[in-house]
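The values are calculated or read from the model by the stated rules, or taken from the named source; none is laboratory data. Just so it is clear, the model here is predicted, and its values are computed rather than measured. FYI the Cβ positions are ideal-geometry reconstructions off the backbone, even for glycines, and counts take in every protein chain you see. When the accessible area is computed, the model is the full protein with side chains, heavy atoms only, and any ligands, DNA or RNA have been set aside. Shrake-Rupley method; radii C 1.70, N 1.55, O 1.52, S 1.80 Å.
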Amino acid sequence: PVAMWNTKTKALEKTIQVDGRPDGILNDEFNHHCYVFSHSKPNVTVLDSKDGAVLGTIDLGGAPEQAVSDGKGTIYVDIEDKDNIAVIDAKKMLVTAHYDLNGKGGTCAGLAIDVKNNILFAACRSPQTMVMLNATDGRIIDALPIGQGCDGAQFNPNTMEAFSSQSDGTLS
C-alpha cells in the first residue's frame, strides 16, 4: 500500500492499495498525477495527487527503477531489466515508445533529465556508464564511465551537471 499524508499536519489521510511491489514514486506537476512504480505488473499505478484516487495502471513491459517528467506531459522511466527507457504519454496514460540503450548501458538504476536541452541521462550498472539520449527520439548522444553500483541520478539545471550516486561511495 501507499500512504497519503497531509503535508501541513503530518497526519495520515489515507492508505491506497497498489498492486505489484511498489519501489518508486514520481509526482508530476504537469497534471497533478502521482506515479507509483512497481517491479511486478502492473508496473505503474497512477493516482490523483489531490485525493489519492486510482486513475489507472500502465504496463511498462519490465521493472521500472527511476522516472522523470519533462513537465509538458511526457514521463520517462528507466526499465532496469530490459535496458531501455519507456516513454509515457501522461495525458493518455500509455507507453508510446521504448528507447533501447543498444549495449551502451544496462541495468539502469538512475534517470535524470535536462528539460531545457531535452536530454536524458541514464545511469547504468552494467556496463557502468551514464548514457545520454535525445529525449525526443531516443538517439544516443554519448556514454561515459561512472562508478560501480549506481542507484540514482539527478540533473542540476543551474550548473548544467548530471550526477550519479554509486554504492562504491563515489559520485560521478
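Does the chain come out rounded, prolate or oblate by the C-alpha gyration tensor, with a ≥ b ≥ c the root eigenvalues, rounded set by a/c under 1.5 and, if not, prolate when a/b is larger than b/c and oblate if not? Prolate, since a/c reaches 1.5 and a/b exceeds b/c.
For a test of the definition: using alpha carbon positions, the gyration tensor, and the 1.5 limit on a/c, classify the stretch 1-40 as rounded, prolate or oblate. Because a/c hits 1.5 or more and a/b fails to exceed b/c, the stretch 1-40 counts as oblate. Count charges around residue 127 for me, please; just the other residues with Cβ under 14 Å from its Cβ, Lys/Arg as +1, Asp/Glu as -1. Overall, the nearby charge balance is 0. Roughly how many percent of the accessible protein surface of the stretch 65-149 is carbon and sulfur, given a 1.4 Å probe and a whole-percent answer? It is 46 percent, rounded to a whole number. Pairs over the 27 Å Cα-Cα cut-off, from the set 50/91; 8/116; 91/116: 8/116.
In this simple spin-label model, placing a label point 7 Å from the Cα along the Cα-to-Cβ direction at both residue 3 and residue 89 gives a separation of 3.7 nm.
Solvent exposure of the stretch 16-73, expressed per residue, is 44 Å² of accessible area, with all protein chains present and a 1.4 angstrom probe.
Mind giving me the FRET efficiency for residue 170 and residue 144? R0 is 22 Å, r the Cβ-Cβ distance, nearest 0.05 is fine. The calculated FRET efficiency here is 0.95.
For residue 83, the shell of other residues with beta-carbons less than 12 Å away shows a net charge of -2, using +1 for Lys and Arg and -1 for Asp and Glu.
Rolling a 1.4 Å probe over the protein heavy atoms gives the stretch 110-150 an accessible area of 43 Å² per residue.
Accessible surface of residue 29, taken over heavy atoms with a 1.4 Å probe and every protein chain present, rounds to 120 Å². Under 19 Å of direct C-alpha separation, and excluding same-chain neighbours fewer than eight residues apart, residue 82 reaches these lysines: 41, 104.
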